[in-house]
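Just so it is clear, none of the values below were taken in a lab; they were calculated from the coordinates. None of the values given here were measured: they were computed from a predicted structure. For neighbour counting, all protein chains shown are included, and Cβ atoms are generated from backbone atoms with ideal geometry for every residue, glycine included.
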Amino acid sequence: MQPIIGLTVIVFMAGALAIGPAGAQTAAQAQTPGMGGAAAMHLLPGEEFLPSDVRAKQADDFDNPAYPYVEAGEATWSKSEGLNGKSCEDCHGPGSKSNVKQAAASYPKYVPSVGKIITLESRINICRRNGLNAPALQDISDQMIAMVAYLRWLSRGLPASVSAGGQAASVFERGSELFYAKIGLLQLSCAQCHNQKFGQKFGGETLSQGHALSYPVYSLSQRRMIPLHERFRMCNLLARAEPQPINAPDYVALELYLNWRSKQLTITAPGVRP
Ligand code: HEC
Ligand code: HEC
């Protein structure tokens, strides 16, 4: 395997001290034996762990089976829908030009009008209800997956730029605790599989570092799109733990923590996975 970004190093301890709340540092210290105080982890994107044909499919929009979702999202962006007779574009301008280009990289984020940390899906639904006067979509509906794929595709190449402090501090701390918590019949944490064992085989798959940057992804074996929280559910099942509902507060917290953890990598959505 050839690390393409071998020089990108994150010092988890230093990062937690600089950006995260004190609890993140304690949780990490307590539960990463072998990755003690000064330990650093080279960040490798999920694509590094893929067979080369799958990686090539993701890199080529024409061959990427998730790309039709990007196109569907793009078409919806400028189409009027709902009782106000408006489209997303009427308020935000063309997707490629507007600030929304960076938006996907900054979620989950604190949104003052609802007073909490929300995902991009929830933000889209707020705009659907308040802006379009159209019904909210389920996070796992094709239409929502398409809009998220489009907005994250617009953010391709940008680093995830979530905030872990201020209003986000307690959710961030929860996410970091969850990442190191041993759960399920197998008593496995996210960190055990994705910080300590990446590069090793688990079942038929090669463990990656568990970054969220390519989501949503198209699964070639399941022939469908997998949104991030569904990947969390799959990972919970691998540890024989009870999965939580899509958009559960714990999953929002994990998503925030993961995006902070991969800050020095860039968004590559929509991904393709075996
Ligand atoms: C009536 C005007 C209006 C319409 C229509 C509208 N929005 Fe918004 N949207 C806003 C406002 C106001 C905000 C909050 C201010 C901001 O962050 O730009 C916002 C914020 C957003 C954000 C977050 C931006 C950020 O940086 O955090 C996204 C993403 C978004 N809208 C997507 C959509 C999508 C997708 C649609 C169509 C389904 C849509 N909007 C329709 C007014 C609108
Ligand atoms: C038993 C080992 C195991 C545990 C525990 C586990 N995962 Fe995973 N995870 C996997 C496997 C296997 C895959 C698919 C191959 C890969 O990308 O690592 C995966 C994939 C992922 C991916 C997608 C990576 C990509 O690039 O496609 C994310 C994100 C992720 N896991 C997050 C988590 C989180 C968050 C937790 C804790 C709630 C967790 N995982 C716990 C085994 C595990």
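Miscellaneous remarks
Yes or no, residue by residue, for (1) away from ligand 1 (no atom under 16 Å from the Cβ); (2) within 13 Å of V162 (Cβ to Cβ); (3) part of a helix (DSSP H, G or I):
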residue: R233; (1), (2), (3): yes, no, yes
residue: N236; (1), (2), (3): yes, no, yes
residue: E242; (1), (2), (3): yes, no, no
residue: Y257; (1), (2), (3): yes, yes, yes
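- Conditions (1) near ligand 2 (Cβ under 9 Å from one of its atoms); (2) over 18 Å from G271 (Cβ atoms): number failed by Y215: (2)
- If you go through the stretch 154-198 and pick out every residue that is in a helix (DSSP H, G or I), within 16 Å of ligand 2 (Cβ to nearest atom) and under 23 Å from E47 (Cβ atoms), you end up with 8.
- Count - residues of the stretch 76-115 that are among the charged types (D, E, K, R), surrounded by fewer than 16 Cβ atoms within 10 Å (Cβ to Cβ) and under 28 Å from L265 (Cβ atoms): 1
- Across the stretch 74-124, the number of residues qualifying as assigned to a helix (DSSP H, G or I) and under 18 Å from the mean Cα position of the chain (by Cα) comes to 12.
- Residues located in the stretch 232-250, provided they are within 10 Å of ligand 2 (Cβ to nearest atom) and under 25 Å from S170 (Cβ atoms): F232, R233, C235, N236, A239, A241, P243, Q244, D250
- Qualifying residues in the stretch 213-229 (those that are farther than 15 Å from G73 by Cα and of a type in the set (A, V, I, L, M)) - the one surrounded by the fewest Cβ atoms within 10 Å (Cβ to Cβ): L220
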